[in-house]
1. I'd like to know if segment 349-361 contains one or more residues that are among the hydroxyl-bearing types (Ser, Thr, Tyr) and at pLDDT 85 or above.
2. For residues that are under 18 Å from Gly541 (Cβ atoms) and within 31 Å of the chain's Cα centre (by Cα), tally how many sit in segment 485-513.
3. If I go through segment 436-458 residue by residue, how many of them are without any contact (Cβ under 8 Å) to a residue 40 or more places away in the chain and open to solvent by less than 50 Å² (accessible area, probe 1.4 Å)?
4. Looking at Asn226, Asn274, Asn255, can you tell me which residue is in a helix (DSSP H, G or I), of a type outside the set (D, E, K, R) and surrounded by fewer than 21 Cβ atoms within 10 Å (Cβ to Cβ)?
5. Given (1) buried (at least 18 other Cβ atoms within 10 Å of the Cβ); (2) at pLDDT 90 or above; (3) within 29 Å of Val526 (Cβ to Cβ); (4) not hydrophobic (A, V, I, L, M, F, W, C), where does Glu433 come up short, assuming only one miss?
6. Being β-branched (Val, Ile, Thr), over 30 Å from Phe151 (Cβ atoms) and either open to solvent by less than 10 Å² (accessible area, probe 1.4 Å) or modelled with pLDDT of 65 or more (or both): is that true of Thr81 here?
7. Given the condition on the phi < 0 side of the Ramachandran plot, open to solvent by less than 30 Å² (accessible area, probe 1.4 Å), over 40 Å from the mean Cα position of the chain (by Cα) and small (Gly, Ala, Ser), answer yes or no: does some residue in segment 459-475 qualify?
8. Within segment 290-310, how many residues are over 25 Å from the mean Cα position of the chain (by Cα) and either free of Cβ contacts under 8 Å to residues at least 60 places away in the same chain or in a loop (DSSP other than H, G, I, E, B) (or both)?
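The values are calculated or read from the model by the stated rules, or taken from the named source; none is laboratory data. Every value quoted in this text rests on a predicted model; they were computed, and no experiment measured them. Counting neighbours? That spans all protein chains shown, and the Cβs are built from the backbone with ideal geometry, glycine included. These accessible areas exclude ligands, DNA and RNA; they are computed on the full protein's heavy atoms, side chains included. Shrake-Rupley method; radii C 1.70, N 1.55, O 1.52, S 1.80 Å.
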Amino acid sequence: MIYQLLQIVGSLGLFLFGMRTMSDGIQKAAGERLQSILNFMTGNRVSAILTGFAITAIVQSSSATTVMVVSFVNAGLLQLTQSIGVIMGANIGTTVTGWLVAILGFKVKISAMALPAIGFGFILLLIKKLNKQDLGETLIGFGLLFMGLDFLKGSVPDISQHPEMLEFLANFTGHGLASYFLFIIVGTLLTIIVQSSSAAMAITLTMAYAGWIDYPTAAAIVLGENIGTTVTAYLASIGTSVNARRASRAHTLFNIFGVLWMTPIFYLFLNLVNTIVPGDVYALDGAKALPAHLAMFHTLFNITNTFLCSFFVNLIAKMVTKLVPDEEGIPTAYSLKYIRATLQDTPELYLLTVKRELAKMADIISDMFTRFWDIFSHPESPMANEVETQKKMEDLTDQMQEEITKFLSQCSMDNMNQVSANNVYSMMRITNELESIGDSCYNLMILSERKTKQKIEMDPKAIEKLLPYVDLVKQFIHFIRSHLNEHMSSENVAVAVKLENEINKMRNILKQSASKRLQSGADVKVELLYIDIVRHVEQIGDHCLNITESLNRLG
């Protein structure tokens, strides 16, 4: 008995490892294409559903997709209503695995495909000149996945040789709703344990094929697996933004709602599937037809549930908004979690999260620079809490630098293609430069406060000469913000260099003007403050140029 149990666990481990390897290969081969799929998502719920379906069909795990969605909502890449559509599509996409297992795993001699696939994949890995290592990894994963399934089929004992187990299971069936909900709970726990609805589905299909569980029992377990897959996203949302938590709650509500409407029509639905799919599961040899029936049940259920809920996306959004209310006040702490699915990681897609965070950071430093100039150029306006507000914003950029750098470091530890690996270094440098701009903006606000507190009166003409200089830096900040999430072309680099040269030229003119005023007997305190302001503003231009150079290296 213990040996058989170890065989089952080992077979499942091989299945999961194969799934992981195949998924890694696909993601490394199609990282940029997956980004294009994400860009397809708009406010259109149909496109969002199709996107969720496509990504899940590629990465072979709805848990991976929904966790990815939670992380993107957390970073602001997706709106709440968009994320609900993607989650709905993910539930349909995860049924692809069920069909693969049902058709290839139980209808075809697996070893006839698995070993040649591993052999061919290994050759592609060895011959580096072909540059097909990602495809080789995918083929090896494909072979291992179905070898694991083959071992899993072989390790499940024949039910005819264990009538006592059949009697034990019979004690839990035939109790109406009690049995129905019991096996839903079993399916939920199974998915939580193996951390993959696809793997849980494979186990269910194998048990059904071996005759251990009947059609209604297996179908109830499949419904439970739909709920179990929401737990991963729920755990991933802990400590994230309000909308990210709302997205995970929407996933849970959506799947629970599906189980609720299915309850009164459960047996009618089972009979409908039995009518559609060839083979009668209620016949003596019906167990052999069960995998295809369960795959169809899973698909029809998720398509119907998505169709019904797609009309109520805004209502679901309102419900989760009430469940997770807004947090009030200015954020005092920043956290960027590296949210990963247990089985499939998608580091290329996670870089999109960083791009969004960098855009947020750029917006903050742009606001900080504008705040400085509004205060400095209007000395008659009261300072109020401007320095305190600027300090909070500067602290926020410090935290963002730390968290984004940590996030990028974790990204770099995962398998990713060469382009994405190079982008990680560029993004780290951009993060550091943006934080340095935040420091300069805070220092400028401190200088403005000193000017107000010490009642330093500057020559209006001197302040007027600062205006075009400050405008140039504003242009530069706006320029890098508008190009922050894309490769910087050589033409745009030339524009940036021209801006930097103009800033340097004006800096020299302004410093010379201050020197002349000093020689003419102007107040030393006033002119030193003036030179400090010129210097900090010019440093912002230097940081902007450094960001431009890093953007030029982005793939």
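1. no
2. Count: 3.
3. 0
4. Asn274
5. Going through (1) buried (at least 18 other Cβ atoms within 10 Å of the Cβ); (2) at pLDDT 90 or above; (3) within 29 Å of Val526 (Cβ to Cβ); (4) not hydrophobic (A, V, I, L, M, F, W, C) one by one, Glu433 breaks only (3).
6. For Thr81, the condition - β-branched (Val, Ile, Thr), over 30 Å from Phe151 (Cβ atoms) and either open to solvent by less than 10 Å² (accessible area, probe 1.4 Å) or modelled with pLDDT of 65 or more (or both) - is met.
7. There is at least one residue in segment 459-475 that is on the phi < 0 side of the Ramachandran plot, open to solvent by less than 30 Å² (accessible area, probe 1.4 Å), over 40 Å from the mean Cα position of the chain (by Cα) and small (Gly, Ala, Ser).
8. The number of residues fulfilling the criteria is 4.
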